[in-house]
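Before any comments, here is the structure.
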Amino acid sequence: MTPTDFATLPLDPALLRNLDSLAYHQMTPVQAQSLPEVLADRDVIVQARTGSGKTAAFGLGLLHKLQAQRFRIQSLVLCPTRELADQVAEEVRTLARTLTNIKVLTLCGGVPIGPQIGSLEHGAHIVVGTPGRIEDHLRKGTLNLSTVDTLVLDEADRMLDMGFQPVLDRIVEHIPSDRQTLLFSATFPPGIESIAQRIMNQPVRITVEEPHDERSIEELFSPIDGLSRPEAVRLLLLAERPNAALVFCNTKQGVKALTQHLNQNGLNTQALHGDLDQRERDQTMVLFDNNSCSILVATDVAARGLDIDAVDLVINHEIARDSAVHTHRVGRTGRAGRQGKAITLFDEKERFKLARLGDSLTIEPLPDKGILTQPPYRAPMATLQIDGGKKQKVRRGDILGALTAPGGLDGQQVGKIHLQDLRAYVAVKRSEATLALEMINKGKLKGRQFRARLVR
């Protein structure tokens, strides 16, 4: 047993059994440094990048101390965006699956507040939410935080960037002062220091330097060489054929135009920008996460708060407005030990902008333009939307069972299943999409028939 084994920690045995079943044996650096302090009930400030394993660091801590028989809100986790809150809540549920009757409730904006009020009336142990919606519930008197003993601020720097500091201060006023407070941030601007001094009690400070291994990311800069930028992006995608590509544009207009160009040319592409409503954002992220869409085109603002690990290729449709944004974009690939590639497009008039990105950049011409005549490649999976979700007591096992019933799919042909309140999404091998649709529409879930349709 090594010092970084989860088994060395004084965790609840049920949590350790679950970690073992999930093949979580070795702690990441952020977990190894922060978990002992978290389990000792100390306030902790952790500076670590997104994707470093911090959710498990605080998730295991709050689950270890949680009293399941005490059906009151004991932990509050605040996140900058709904997407991140959903990701955090899902991971906490996964970590808690061997514990008895733990209820994790997500409270975020962008969806009607009424169903959330109904859920709160039935109680919860852990609430994960965005500051704005948490404050809405406090204002309405539908949320009681007087029993919270652990407060987590996740991606605290982004919450401050988004103007949430006054809201955070008002939320904290509703939480007992003798709580444990855990603050996680990728950077440590002055605002973080200020809020830490106000709301934390002698916090332990941990900085986890985990720069991307230069060998894990191949970073290139390519002149567009007479092509339009959309054509140059399409050329790179056809040449690289990534399972998951993230393309950054500086404006939402650029996102819309590029997405239209790629889809018109047969490439599975989704857009992520500020004009999308929450349902559209949710569906877009589901499709990208389950490999039904190979290409996500986004603005920096829209991509904020997303924790996407399995990105093979990052393309900068144009040079980022500053070097910090560029670094953040490139850092989306080459995560979790995977190899990645980042390519930035530029024209000759923009060469002067390259100087601010480094001294020894690798300039490489685009692939042969003849590749543009090749047929497009398709994402390996297709997604079905089922008109039933958590509210109808539909579970992942129900969906898998319906798809793999006699005459149906092999279990290996079924991918990720995402459950939402009123709908579910399931990924299947694209070649089996028609059969999968038939199995759901003609079969039963929970003894009932549900409608399904092919989304992509």
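The values are calculated or read from the model by the stated rules, or taken from the named source; none is laboratory data. Not measured: the values here are computed from a predicted model. Backbone-built Cβ (ideal geometry, glycine too); neighbour counts: all protein chains shown.
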| note | Filtering region 217-233 for residues that are in contact with a Leu (Cβ under 6 Å, 6 or more places away or on another chain), over 17 Å from Arg329 (Cβ atoms) and assigned to a helix (DSSP H, G or I) leaves a count of 1
| field | For Leu66: the one exception among (1) at pLDDT below 90; (2) under 26 Å from the mean Cα position of the chain (by Cα); (3) surrounded by fewer than 21 Cβ atoms within 10 Å (Cβ to Cβ); (4) not hydroxyl-bearing (Ser, Thr, Tyr) | value | (1)
| request: Considering only region 163-200, state which residues are touching a residue at least 24 places away in the same chain (Cβ under 8 Å) and more than 23 Å from Glu135 (Cα to Cα). | output: Ala186, Thr187, Phe188, Pro189
| said: Need the failing condition index for Glu209 against (1) surrounded by fewer than 19 Cβ atoms within 10 Å (Cβ to Cβ); (2) at pLDDT 95 or above, just the number. | reply: (2)
| request: Answer yes if at least one residue in region 29-42 is in a loop (DSSP other than H, G, I, E, B), of a type in the set (A, V, I, L, M, F, W, C) and either under 16 Å from the mean Cα position of the chain (by Cα) or more than 22 Å from Leu419 (Cα to Cα) (or both), and no otherwise. | output: yes
| said: Please go through region 341-360 and give me each residue that is in a loop (DSSP other than H, G, I, E, B) and at pLDDT 90 or above, ordered by number. | reply: Asp347
| said: Suppose we filter region 369-390 for residues that are without any contact (Cβ under 8 Å) to a residue 60 or more places away in the chain and over 18 Å from Leu445 (Cα atoms); how many remain? | reply: 2
| request: Pick out, from region 235-333, the strands (runs of 3 or more DSSP E) lying fully within it that include 1 or more residues that are among the β-branched types (Val, Ile, Thr) and farther than 22 Å from Leu384 by Cα. | output: 245-249, 295-299, 313-316
| Mind checking which pairs have a first residue in region 324-337 that is modelled with pLDDT under 80 and a second that is surrounded by fewer than 20 Cβ atoms within 10 Å (Cβ to Cβ) and assigned to a helix (DSSP H, G or I), Cβ under 6 Å, 6 or more apart or different chains? | Gly334/Ser216
| said: Of everything in region 106-136, what is touching a helix residue (DSSP H, G or I) at 6+ places or on another chain (Cβ under 7 Å) and under 18 Å from Arg170 (Cβ atoms)? Give them in sequence order. | reply: Leu107, Cys108, Gly109, Ile113, Gly129, Thr130, Pro131, Gly132, Ile134, Glu135
